[in-house]
Amino acid sequence: MLELTILGSAGSHPGVGRACSGYLVRNDGTALLLDAGNGSTANLQRLVAYRDLDAIVISHRHVDHCIDLIGAFYALRFDPEVGRRIPLYAAAEVHGLLTGLLSSDTAMAFDEVFDHHEVAAGDHLEVDGLSLRFAASVHVAPTVSTRIEAAGRSLVYSGDSAGGPDLVELARGADLLLCEATWAGDPADHPPGVHLTGTGAGEIARAAGVGRLVLTHLAGATDRAQVLAEASAAFGGPTDLAEDLHTYLLV
């Protein structure tokens with residue numbers, strides 16, 4: 001049974017009771033961390049220890065999606081029960097950013113803790129029964145969107161994205177689309193090529209024919225009720241706002 005737990009759903013910075021982007025995907029004993037934004041791994045550790053993660057995927061180098069790996073690095077480095085490197089699959093520039101934040105001695109040790117692999121559009125990998133496929137995301141830093149399949153079910157995570165045909169194709173027929181919806185209102189009122197509005201997320205979901213749309217990465221000042229209403233109207237199917245520590249079961 002494929003399941004998704006929201007560890008953090010805030011965009012750019014944490015909010016009241018909301019950590020930044022982080023998601024736990026589990027299936028038949030396999031545990032995968034998808035992004036690790038500010039505060040999200042505090043929620044992760046309620047459910048899974050760092051040492052028990054089978055892999056980590058990081059969509060891009062912006063700190064609200066990866067900065068908690070610094071804390072994870074220290075926790076794993078000093079955990080006497082860790083007997084392996086944790087596989088880390090990350091978009092371009094993530095590794096350089098994180099190691100650049102560490103002092104010279106600990107930067108060298110980063111790869112003693114994490115088994116780093118750079119991923120890009122078109123890459124496929126298997127993680128203990130989970131099948132992952134990546135597509136390029138329209139964003140201001142190198143970013144991947146991720147499709148995860150297991151047990152006949154599928155979920156897609158947009159990462160930060162301004163949408164586009166690659167995301168639609170990656171999400172085609174998915175049971176659940178976890179899609180960023182940073183802003184509300186008219187897309188023309190926001191910078192192009194950066195993020196989606198609720199309407200944009202709903203349009204992606206409708207075009208891809210997904211089963212359920214879950215909206216995440218809402219900016220702190222964004223009206224959550226407005227985003228939900230706009231996305232729901234554009235999609236026409238089941239639509240939710242991501243809430244920290246809520247779990248979706250894909251059965």
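The values are calculated or read from the model by the stated rules, or taken from the named source; none is laboratory data. Just so it is clear, the model here is predicted, and its values are computed rather than measured. Cβ atoms come from the backbone with ideal geometry, glycine included; neighbour counts cover every protein chain shown.
For the stretch 146-166, the set of residues classified as within 17 Å of Leu34 (Cα to Cα) and surrounded by 22 or more Cβ atoms within 10 Å (Cβ to Cβ) consists of Thr146, Ile148, Ala150, Ser154, Leu155, Val156, Tyr157, Ser158, Gly159, Asp160, Ser161, listed by residue number. Here the strands (runs of 3 or more DSSP E) wholly within the stretch 99-141 that include at least 1 residues being small (Gly, Ala, Ser) are 130-136. Does Asp244 satisfy the criteria of being of a type in the set (Asp, Glu) and either under 12 Å from Gly163 (Cβ atoms) or touching a residue at least 24 places away in the same chain (Cβ under 8 Å) (or both)? It is true that Asp244 is of a type in the set (Asp, Glu) and either under 12 Å from Gly163 (Cβ atoms) or touching a residue at least 24 places away in the same chain (Cβ under 8 Å) (or both). Scan the stretch 47-60 and give yes if some residue there is closer than 23 Å to Ser158 by Cβ, part of a helix (DSSP H, G or I) and without any contact (Cβ under 8 Å) to a residue 40 or more places away in the chain, otherwise no. Checking the stretch 47-60: not a single residue is closer than 23 Å to Ser158 by Cβ, part of a helix (DSSP H, G or I) and without any contact (Cβ under 8 Å) to a residue 40 or more places away in the chain. Scanning the stretch 68-76 turns up no residue that is touching a Lys or Arg at 6+ places or on another chain (Cβ under 9 Å), of a type in the set (A, V, I, L, M, F, W, C) and closer than 24 Å to Ile148 by Cα. Tell me, please, whether a residue that is modelled with pLDDT of 95 or more, part of a loop (DSSP other than H, G, I, E, B) and buried (at least 23 other Cβ atoms within 10 Å of the Cβ) can be found in the stretch 78-93. Checking the stretch 78-93: at least one residue is modelled with pLDDT of 95 or more, part of a loop (DSSP other than H, G, I, E, B) and buried (at least 23 other Cβ atoms within 10 Å of the Cβ). Residues in the stretch 178-197 that are out of contact with any His (no Cβ under 9 Å at 6 or more places or on another chain) and under 14 Å from Leu34 (Cα atoms): Leu178 only. When the stretch 158-207 is filtered for residues that are touching a strand residue (DSSP E or B) at 6+ places or on another chain (Cβ under 7 Å), of a type in the set (Val, Ile, Thr) and outside any loop (DSSP other than H, G, I, E, B), the ones remaining, listed by number, are Thr197, Ile204. Scanning the stretch 150-183 for residues that are in contact (Cβ under 8 Å) with a residue 60 or more places away in the chain, over 16 Å from Gly237 (Cα atoms) and among the aliphatic types (A, V, I, L, M) gives Ala150, Ala151.
Residues that are surrounded by fewer than 16 Cβ atoms within 10 Å (Cβ to Cβ) and not aliphatic (A, V, I, L, M) occur in the stretch 47-64; there is at least one. When Ser9, Ser21 are checked against the criterion of being in contact with a Lys or Arg (Cβ under 8 Å, 6 or more places away or on another chain), surrounded by 21 or more Cβ atoms within 10 Å (Cβ to Cβ) and hydroxyl-bearing (Ser, Thr, Tyr), a single residue qualifies: Ser9.
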